[in-house]
Amino acid sequence: MKTRIIGTGSCLPKTVVTNDDLSKIMDTSDEWISSRTGIKERHLAVEETTASMSIEAAKRAMENANVQAQEIDLIIVGTVSADFVTPSCACEVQAAIGADSAVAFDINAACSGFMFALNIADAYIRAGVYRTALILGAETLSKIIDWEDRSTCVLFGDGAGAAVVRADETCGLLAFDQGSDGKKGEVLACPGRTNNNPLVKTDRTLRYVHMDGQEVYKFAVTTVPASLQKTIEKAGLTAADIDYFALHQANIRIIQSVSKRLHVSDDKFPISLDHCGNISAASVPILLDEMNRKGLLKPGMKVALSGFGGGLTWASAVVEW
Ligand code: UT7
């Protein structure tokens, strides 16, 4: 039994903020952001919330998969920016779509969140516990970013992506690899929930994401190609057999470095970071949905997916479409 992706959906906030827009409110430039990262613009939530974007992405994925809410057994949202500590974003999605018999919960694996959700769903499906799952990556990163720190705030965006996966006899997830390195957690962190009782003085800046960009960059360009290589070998394939690589969208230079290390043309690495920025857990499913809706993905194609980021965490998968 395999876990097959049978539908995708995504939702981006209405408001687009370009690099030039940012250069009017802080000391930065389109030239710096574009040349270092490949990002041109990002969508930022104004009216939207993590849950509202998740619900819209979920509905689009269900429509694309032709699946009704009553058929969904499991809902997992990968997020570091849910609207509430509780209820979870997944429970909000469950209520809004009317998936009354589903079990719903969130997971935190930062930018690997959607990939971890896929692997959890796969484990349940292969064990025969559940048949159909709705998995999402959803973020409103703009609320946990320090808008006075130009080294991070220009990089991130908001949005949600979803996929419906189902048990299938013929094709689906062929192999995966995932890992964590908690010892390096401080290189990309957002402390968030600091104590604020009357006995404790809280540093308000601890509420925001801070990142040692160069350390994260080094981690990404070594771990991601190694993880992809391992996963592709587990699937009994070589990098040349992969039709597309859908990677977490953090930086165009990371993606180019992975394509070089795997000796694969960068045409096989579709991009959404130019118009989305880095949306952490939502990057991979939004990219996958864009590829799906452009008609790039044909039955039988082999697609390698990879997420990497805070934790540190990483996860790769090879799927047969
Ligand atoms: O999703 C999780 C995974 N995250 C990642 O994969 C991020 C990985 N890291 C990166 O992509 C890159 O390290 C960054 C794009 C974040 C930064 O690029 P960099 O080449 O490592 O730049 P830097 O941090 O070394 O900064 C270089 C210069 C500094 O100025 P000085 O000290 O050389 O005078 C910064 O102050 O660029 C300056 N700078 C900026 N200038 C204009 C930093 N941010 C900006 C900015 N606009 N927004």
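The values are calculated or read from the model by the stated rules, or taken from the named source; none is laboratory data. Keep in mind that what you see is a predicted model, and the values were worked out from it rather than measured. Neighbour counts run over all protein chains shown; Cβ positions are idealised from the backbone, glycine included. Remember, those area values only see protein heavy atoms, side chains included, never the ligands or the DNA or RNA. Shrake-Rupley method; radii C 1.70, N 1.55, O 1.52, S 1.80 Å.
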Using a Gaussian network model on the chain with a 10 Å cutoff between Cα atoms, which of M53, M211, M115 fluctuates the most?
M211
Working with all protein chains in place, sort E233, E92 by solvent-accessible area computed with a 1.4 Å probe, largest first.
E233, E92
With every protein chain in place, the chain: carbon and sulfur % of accessible area (1.4 Å)
50 percent
GNM of the chain, Cα pairs under 10 angstrom: of E31, E56, E48, the biggest fluctuation goes to E31
Using the Karplus curve 6.51 cos²θ - 1.76 cosθ + 1.60 with θ = phi - 60°, what ³J(HN,Hα) values do you get for each residue of the stretch 43-54, in whole Hz, with x for Gly and Pro?
9, 10, 6, 10, 8, 6, 10, 4, 5, 5, 5, 5
Non-local amide H neighbours of F156 (under 5 Å, H modeled in plane, Pro and chain starts lacking H): which ones?
N278
Which sequence of F84, F116, F245 reflects their accessible areas, 1.4 Å probe, from the largest down?
F84, F116, F245
Among the stretch 267-288, those whose backbone N falls under 18 Å of a label point 7 Å along Cα→Cβ from T15 are 276-279
Suppose every K and R has +1 on its Cβ and every D and E has -1 on its Cβ; what is the size of the dipole of the stretch 2-170 about the Cα centre, in Debye to the nearest 20?
540 debye
For the stretch 191-285, which trypsin sites (Lys or Arg not before Pro) pass both filters: DSSP loop (anything but H, G, I, E, B) and at most 12 other C-beta atoms within 10 Å?
R193, K201
Compute the accessible area per residue over the chain, keeping the other protein chains in place, probe 1.4 Å, unit Å².
43 Å²
Charge dipole magnitude, Cβ of K and R +1, D and E -1 - the chain, Cα centre, debye nearest 20
580 debye
Compute the distance in nm between two label points, each set 7 Å from the Cα along the Cα-to-Cβ direction, one at T194 and one at R150.
2.5 nm
Counting Lys and Arg as +1 and Asp and Glu as -1 over every other residue whose Cβ sits under 10 Å from the Cβ of V80, the net charge comes to -2
When only the heavy atoms of the protein chains count and the probe is 1.4 Å, how do L206, L22 rank by accessible area, highest first?
L206, L22
Would you work out the Kirkwood radius for the chain? I mean one over the mean of 1/r across all pairs of different Cα atoms, in Å.
19.5 Å
Excluding same-chain residues fewer than 8 positions from K218, which aspartates and glutamates have a Cα within less than 12 Å of its Cα?
none
So how exposed is W314, as accessible area in Å² (1.4 Å probe, rounded to 10)?
50 Å²
Non-local amide H neighbours of G78 (under 5 Å, H modeled in plane, Pro and chain starts lacking H): which ones?
I107, L136, G137, A138
Accessible area of E186 in the full protein assembly, 1.4 Å probe (Å², nearest 10):
120 Å²
Once you've got the Cα coordinates, tell me which of K143/K260; K183/K230; K59/K230 are over 29 Å apart.
K143/K260; K59/K230
Cα-projected label distance for D212 with A226, points at 7 Å along beta-carbon direction, nm:
1.7 nm
Using the charge dipole of the chain (Lys, Arg: +1 at Cβ; Asp, Glu: -1 at Cβ; taken about the Cα centre), state which of W321, S52, Q178 has its Cα farthest towards the positive end.
Q178
Using a 7 Å offset from the Cα along the Cα-to-Cβ direction at both L296 and R261, what is the distance between the two label points in nm, to one decimal?
2.1 nm
If you plug each phi of the stretch 251-260 into the Karplus form 6.51 cos²θ - 1.76 cosθ + 1.60 with θ = phi - 60°, what whole-Hz ³J(HN,Hα) values come out, in order, with x for Gly and Pro?
6, 4, 5, 5, 5, 5, 5, 5, 5, 5
Summing -39500 (n - 2.57) over every DSSP H run of at least 4 residues in the chain and dividing by its residue count gives a helix-only mean residue ellipticity at 222 nm, to the nearest 500 deg cm²/dmol, of -9500 deg cm²/dmol
Local electrostatic count at A102 - Lys and Arg +1, Asp and Glu -1, tallied over other residues with Cβ under 15 Å:
-2
Can you list the residues, at least 5 places off or on another chain, whose amide H is less than 5 Å from the amide H of M301, using H built in the peptide plane?
W321
